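Heads up, the thing below is written out as structure tokens.
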Amino acid sequence: GAAELAGDASRCQELMIVETSSSCPSSRIAAMKRFADGAPQVLPDDPEQWPYATPLEAVRDGWRIIAFPELALQLVGDDEWHGLGFRFVLER
């Protein structure tokens, strides 16, 4: 129960914030930041060495998406729309 989980200090939440090229969870990750035990984790500079290529791969490995990309658009010019980015936040 909750008391058992509260007493287990070894179960610290991990967070992963990823930027992708679209709002689809199977889109390729362009940027990644991970946090464990309240501290940022060092990741390789080469995306080919990151633990996941897509948010969906991370979900298959036990991560849960807790925030999907904000799809609000903003009109910048007469015909130019810009999104706010495609950021997924995952936790485990």
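The values are calculated or read from the model by the stated rules, or taken from the named source; none is laboratory data. The structure presented is a predicted model; accordingly, all values stated were derived computationally and were not measured. Because the Cβ atoms are built from the backbone with ideal geometry, glycine has one as well, and the counts that use them run over all protein chains shown. In case anyone asks, the SASA skips ligands and DNA or RNA and just uses the protein heavy atoms, side chains included. Shrake-Rupley method; radii C 1.70, N 1.55, O 1.52, S 1.80 Å.
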Across segment 38-70, what is the number of residues that are open to solvent by 40 Å² or more (accessible area, probe 1.4 Å) and modelled with pLDDT under 90?
-> 2
Residue within segment 71-80 that is surrounded by 10 or more Cβ atoms within 10 Å (Cβ to Cβ) and either at pLDDT 90 or above or under 15 Å from the mean Cα position of the chain (by Cα) (or both) present = no
Restricting attention to segment 14-71, which residues are in contact (Cβ under 8 Å) with a residue 24 or more places away in the chain, more than 12 Å from residue 89 (Cα to Cα) and charged (D, E, K, R)?
-> 28, 37
